[in-house]
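The values are calculated or read from the model by the stated rules, or taken from the named source; none is laboratory data. Just so you know, these numbers come straight off a predicted model, no measurement behind them. Every residue, glycine as well, gets a Cβ built from its backbone with ideal geometry; the counts of neighbours run over all protein chains shown.
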Amino acid sequence: MELNEVIRKKLTAEQKVEFQKDNGKFKLLNNLIIIPIITMIVGFYLESILIVSVSILFIIAFLIYMFYFSNMKNKIYENIIIPYVLKEKFKDVEYVGSDSALKNEFEKSRLAPDYDKIEFSNYFKINEEKYYVEVCKVVTNKLDIEENDGVVDKNLEQNFSGIFARVKLPNKFSSEFKVIKNEKDFGSVSIDKKNTEQVQMNNIEFDLKYDVFSMEPVSLKRILSPGVLARILEMNKKINNTINFSIYDNVLYITVEYDKFLDFKSKGKDYVDEEIAEENLNMLENINYFIRYFVNLTEV
């Protein structure tokens, strides 16, 4: 059954009205902005600086408010529709929303590109028989400073937007390592140099795509065997993206750059863009498969 049909059956009449009302507000703003634009054109025609100035101020205010409003997720969408969609793929899901319990864990993962600002959203848990996975969306921004003719411009530029997942391994696993997308593509990542060395895995495709760091290279190569490396590369092709991962203190951390994570609200009359929603679910299912594979690997 189509997702939108499932959602229509589950939402109450009041929830449907609230969802459409919020959508209507945004459409109204889109239509109303034409008024100050027309006024500004009239002001230019009348050569009135006052009318032009006031119109420009109104246009700026409209744009700021529209930007703010478009970045605020509808409560029904975030608290009800997203959990409904997640439950189509996972039986036991706890969706929390904007509050993330993973802020400190993101730093511990050592998978983060250097950043000056960080935002967390869409936190939830997938419960499995032997473990549970904590997942959220992370967006980081790096401060870009440019100086032109004595004028300093400071701009925050996005350098990571995607999925961050964490799972406490159910079995004791002493090895610690980090496997990240080649740094020239991924961005500068802080590395604990003490007793840590970069390891070549003797797999041309893997070594071109990844930088691997470990305190125990010999032990690492027993874990990341040729078969495991092949499986990781296969997973990358399956999700059409690169999985970065690390294990520290018996915790498996994962990041995947994916800007559309849980952002599948429809721009039309439907509740969700079904194609993007399905892409999200497949991405999560493959990440969970990757986690299950590593959990089983640590049992050996």
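If only one of LEU102, LEU86, LEU111 is within 20 Å of ILE254 (Cα to Cα), of a type outside the set (Ser, Thr, Tyr), under 18 Å from the mean Cα position of the chain (by Cα) and surrounded by fewer than 20 Cβ atoms within 10 Å (Cβ to Cβ), which one is it? Walk me through it before giving the result.
Details: LEU86 fails: surrounded by fewer than 20 Cβ atoms within 10 Å (Cβ to Cβ); LEU111 fails: surrounded by fewer than 20 Cβ atoms within 10 Å (Cβ to Cβ).
After applying the criteria, what remains is LEU102.
Looking at the stretch 126-147 only, could you name the residues that are β-branched (Val, Ile, Thr) and modelled with pLDDT of 85 or more?
Of everything in the stretch 126-147, those that are β-branched (Val, Ile, Thr) and modelled with pLDDT of 85 or more turn out to be ILE126, VAL133, VAL135, VAL138, VAL139, THR140.
Would you mind telling me which numbered condition in (1) exposed (fewer than 12 other Cβ atoms within 10 Å of the Cβ); (2) touching a strand residue (DSSP E or B) at 6+ places or on another chain (Cβ under 9 Å) VAL167 fails?
All conditions pass for VAL167, except number (1).
Mind telling me which of the residues TYR115, TYR123 ends up being hydroxyl-bearing (Ser, Thr, Tyr), out of contact with any helix residue (DSSP H, G or I) (no Cβ under 9 Å at 6 or more places or on another chain) and at pLDDT below 90?
TYR115
For the stretch 233-278, name all the residues that are β-branched (Val, Ile, Thr) and under 15 Å from the mean Cα position of the chain (by Cα).
Narrowing the stretch 233-278 to residues β-branched (Val, Ile, Thr): 239, 242-243, 247, 251, 254-256, 272, 276.
Correct list: ILE239, THR242, ILE243, ILE254, THR255, VAL256, ILE276.
When only residues in the stretch 188-220 that are of a type in the set (Gly, Ala, Ser) and in contact with a Ser or Thr (Cβ under 9 Å, 6 or more places away or on another chain) count, which is modelled with the lowest pLDDT?
SER219
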